[in-house]
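**Student:** If you scroll down you'll find the structure; I have some questions about it.
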Amino acid sequence: MGVHLTVGMGEIQVVRGVGNELTALGLGSCIGVCLYDPLTRVAGMVHVVLPKSQSERTGELPGKFADTAIPAIVQQMVGLGASASRLKAAIAGGAQLFQFGVSNSLDVGSRNAEAVINALRAAGIPLVAKDVGGSTGRTLRMFSDNGLVVVRAIGGAERELAALGNILTSSGVAA
Amino acid sequence: MSAQPEYAFSEEQFDALREIANIGMGKASSALADLINTTILINVPQAVCVPISELPSVLRDPELVTAGIYLQVTGDVPGHATFVFDVQSAHRLAGVLLGMPEVNLDEVTASALMEIGNIMLSAYLTAISDFTGLQILPSPPVMAVDMGCAILSAVIVNMQHLDDFAVTIATDIYDPEGLISGTFVFLPEPGGIQRILAAIGMG
């Protein structure tokens, strides 16, 4: 029996084998990063909140920040038997939700997307598909059987973002 | 794996925070009641320290589509104050204020909702300011319509320092007929809570 795990803000979840499902609910300016190794069926998802770690303090959740999240999730997936060189990625999120009124905050969503894409590139992981930006939240789901990644925005239907288990989807096209 | 909260408060201190939130929410709910001429009830405020991954659990249904009105708070107690109303409630509120039975979510409705949120949030903050003698200044509000959990995540990224844990003060408001329901969430910056507690001799 597989497990169904929710990936909250700053969390990393990694699973191996069939029947597992990973979900990040309501990604606003956050980014959900899906990684998959088709051979070992090791799947991982991290819910990145901010672009860059703020301090050198120990004990901070590595999944909170793009720059620490990618190395941390790769390490955990390799720990489950995945090969870093076989990993492929799909990402979603990075929206700017507050559209009404004057928002004086910087657009964290687009900075998050940029930071995640850079971190994936630095780790040598091909980015197969992305659904980032805009002004609506998204729910992201990945299935460990085949690396299928689906995304749903409010008021919309769930749609396929990527099939990370498909070995023909080789190179990073979306970056 | 998770860091311990820097601010481990006692149960008595959390009780004091709930009481202060109760005072603020009393003012906010009567401001709303006056505005739309109906009875508004509040439940007992929650004051908790939760891992940020569990922050959406302060909402009754984190996936519900809501209208979220958010403003930043500066002064002695910097923080982030948000009202999330389920979308039907938001439409009803805006309709009552604009004198229309049905509204669509456009700029006019949004500005009516932001004004409602602004009035309630200001009433809340003024009550706390009067009670504690601390200076609490609200920024102009902004608004979004989205899943409640997405709105909270878009709020928390504005924290000056985002810890692994967040002190969260949350209260549900509703009317007896079940037409209006929403949740108020206040996320103080680290350090703000100490200032509130010190101001009332509970520091």
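The values are calculated or read from the model by the stated rules, or taken from the named source; none is laboratory data. In this text, all values refer to a predicted model and were calculated from it rather than measured experimentally. All Cβ positions, even for glycine, are placed from backbone atoms using ideal geometry, and neighbour counts span all protein chains on display.
**Student:** Checking the condition surrounded by 16 or more Cβ atoms within 10 Å (Cβ to Cβ), over 15 Å from the mean Cα position of the chain (by Cα) and either within 14 Å of another protein chain (Cβ to nearest Cβ) or in a helix (DSSP H, G or I) (or both), which residue from B:Val50, B:Val84 passes?
**Tutor:** Only one candidate qualifies: B:Val50.
**Student:** Among the numbered criteria (1) of a type in the set (Gly, Ala, Ser); (2) more than 14 Å from chain A (Cβ to nearest Cβ); (3) touching a helix residue (DSSP H, G or I) at 6+ places or on another chain (Cβ under 7 Å), which single criterion is violated by B:Gly68?
**Tutor:** (2)
**Student:** Just one of A:Leu61, A:Leu39 is free of Cβ contacts under 8 Å to residues at least 60 places away in the same chain and within 19 Å of A:Val128 (Cβ to Cβ); which is it?
**Tutor:** A:Leu39 is the lone residue from the list that is free of Cβ contacts under 8 Å to residues at least 60 places away in the same chain and within 19 Å of A:Val128 (Cβ to Cβ).
**Student:** May I ask you to say which residue of A:Gly44, A:Gly26, A:Gly32, A:Gly94 is more than 14 Å from chain B (Cβ to nearest Cβ) and either closer than 25 Å to B:Val65 by Cα or within 14 Å of the chain's Cα centre (by Cα) (or both)?
**Tutor:** Answer to the selection: A:Gly44.
**Student:** From (1) outside any strand (DSSP E or B); (2) modelled with pLDDT of 95 or more, pick out the condition that doesn't hold for A:Met1.
**Tutor:** (2)
**Student:** When segment A:22-55 is examined, which residues are found to be in a strand (DSSP E or B) and either of a type in the set (Ser, Thr, Tyr) or surrounded by fewer than 17 Cβ atoms within 10 Å (Cβ to Cβ) (or both)?
**Tutor:** A:Thr23, A:Tyr36
**Student:** Contact list please: Cβ distance under 9 Å, first residue in segment B:82-105 and of a type in the set (Lys, Arg), second residue surrounded by fewer than 19 Cβ atoms within 10 Å (Cβ to Cβ) and not in a helix (DSSP H, G or I), pairs at least six apart or on different chains.
**Tutor:** B:Arg92/B:Leu179
**Student:** Continuing with this model, one more query. Give me a count of the residues in segment B:102-137 that are modelled with pLDDT under 90, not in a helix (DSSP H, G or I) and not acidic (Asp, Glu).
**Tutor:** 3
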